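Encoded as structure tokens, the structure appears first; notes follow it.
The values are calculated or read from the model by the stated rules, or taken from the named source; none is laboratory data. Computed from a predicted model, the values in this text were never measured in an experiment. Glycine also receives a Cβ, built like all others from the backbone with ideal geometry; neighbour counts cover every protein chain displayed. Accessible surface areas use protein heavy atoms only, side chains included; no ligands, DNA or RNA. Shrake-Rupley method; radii C 1.70, N 1.55, O 1.52, S 1.80 Å.
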Amino acid sequence: METLKFKIEINATREKVWQMLWDDKTYALWTKPFAEGCRAVSDWKEGSKIHFLGSADNGVYGEILVSKYPEKITFKHIGNIKDGIEQPLDEATTAWSGAIEDYDLTTVGDTTILNVTFDTVEGYLDFFKDAFPKSHQLLKELCERPAELTVQVKLNAPLDIAWKSFTEPESITKWYFASDDWHAPSATNDLQTGGKFSTTMAAKDGSFSFDFSGKYTSVVPGKSIEYVMEDGRRAKIVFEEKDGAVLVTETFDAETQNPLSMQAQGWQNILDNFKKHTESLVMA
């Protein structure tokens, strides 16, 4: 076997890099150069087993030799997995069984240095030499993107009308979409701390739809709303009376699959629709 070495500097804390490395959602993103749908299944404790799987439940299994958060983790690869079942070692597997994969994170100022060593056999050298740098660049982008985005709109409307327009289900269906070729066919809203909400967003041509849903963590009537989305991201909306108008500021955790500019524009478009609908109520 030959040992490959890779190094990358990431402008983030070791704790954040560690989280992005091993969190289920982000692991699937930075490992795309290896295969689509990658996931790692383990309790992440030293001495425990770990399964590295693809979308079809095939992959390899191994052992965690070292697990020292957030500094170092070392895996020993043992054998293959087929259809989710560990396979006995054969001649081909024995050639690489015992290979070590090591992640070492050190801090230099505000930067984390990630050093990775990886044992592999000759037939896979070119693949891993190509895939690891690509995967680490994706990891760097995930770690360095800002945690929150903010959009804002100023309404020429009274606070009570703005609040009702934002929170009443019948009103939500009139504005909760980002472009004219989409609409919101239905909405439910249990507006209280611990209550749940859901809004169906759908393409008008019927080609696609999804439910945007979550649970409220704080509701202060006429002032603020905080909630957690189904994927664990958080958002906060603040209503402020200012100069005879209402300023609505929405701050939300960015997701990891789409460009930040696209996310900000989409949320801003929805808020602009909210402004248009709310101000039409005042003029009616």
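Looking only at Cα atoms, what is the convex hull volume of segment 143-208 per residue, in Å³?
Cα convex hull per residue, to the nearest whole number: 161 Å³.
To the nearest 20 debye, what is the magnitude of the charge dipole of the chain about its Cα centre, counting +1 on the Cβ of each Lys and Arg and -1 on the Cβ of each Asp and Glu?
Values: 30 positive and 45 negative charges, 130 e Å.
Dipole magnitude for the chain comes out near 620 debye.
In the structure shown, do any of K82/K129; K45/K76; K68/K134; K215/K276; K164/K236 have a Cα-Cα gap over 22 Å, and if so which?
On the way: K82/K129 25 Å; K45/K76 13 Å; K68/K134 25 Å; K215/K276 26 Å; K164/K236 17 Å.
Among K82/K129; K45/K76; K68/K134; K215/K276; K164/K236, the Cα-Cα distance tops 22 Å for K82/K129; K68/K134; K215/K276.
Given contacts defined as C-alpha pairs under 8 Å and at least six residues apart, what's the relative contact order of the chain, whole-number percent? Please report the intermediate quantities before stating the final value.
On the way: 579 pairs, mean separation 45.1, N = 284.
Taking the mean separation of contacting Cα pairs over the length of the chain, I get 16 percent.
Using a/c under 1.5 as the rounded threshold, could you call segment 71-155 rounded, prolate or oblate? The axes a ≥ b ≥ c are square roots of the C-alpha gyration tensor eigenvalues, and prolate needs a/b larger than b/c, oblate otherwise. Write down the numbers at each step before the final one.
On the way: a/c = 2.84, a/b = 2.06, b/c = 1.38.
The shape class here is prolate.
Could you give the accessible area per residue of the chain, probe 1.4 Å, as a whole number in Å²?
Details: 15140 Å² over 284 residues.
Ligands and nucleic acids excluded, the figure is 53 Å² per residue.
Could you work out the local net charge near K196, counting Lys and Arg as +1, Asp and Glu as -1, over the other residues with Cβ closer than 9 Å to its Cβ? Please report the intermediate quantities before stating the final value.
Numbers: positive: K215; negative: D190.
Summing Lys/Arg as +1 and Asp/Glu as -1 gives 0.
List the equivalent ellipsoid semi-axes of the chain in whole Å, largest first, each obtained as the square root of 5λ for an eigenvalue λ of the Cα gyration tensor. Intermediate results must be reported in sequence, preceding the final value.
Numbers: eigenvalues 446, 82, 53 Å².
That gives 47, 20, 16 Å for the three semi-axes.
Using a 10 angstrom Cβ neighbour count of at most 16 plus a DSSP loop assignment to flag exposed GluC sites (Glu not before Pro), which longest range of the chain is free of such sites?
Values: sites that count: E36, E46, E71, E230, E255.
The longest such stretch corresponds to 72-229.
Would you kindly derive the ³J(HN,Hα) couplings of segment 121-127 from the backbone phi angles with the Karplus curve 6.51 cos²θ - 1.76 cosθ + 1.60 (θ = phi - 60°), listing them in order in whole Hz, with x for Gly and Pro?
9, 4, x, 10, 4, 5, 4
How much accessible area does K174 have with a 1.4 Å probe, in Å² rounded to the nearest 10?
Surface accessible to solvent at K174 totals approximately 110 Å².
What translational diffusion coefficient, to the nearest whole µm²/s, does segment 134-256 have by Stokes-Einstein, given a Kirkwood radius computed over alpha-carbon pairs, a temperature of 25 °C and 0.890 mPa s viscosity?
Numbers: Rh = 16.0 Å.
After rounding, the answer is 153 µm²/s.
Please give the charge dipole size of segment 147-186, origin at the Cα centre, charges +1 on K and R Cβ atoms and -1 on D and E Cβ atoms. Round to the nearest 20 debye.
Working: 3 positive and 6 negative charges, 27 e Å.
The calculated dipole for segment 147-186 is roughly 120 debye.
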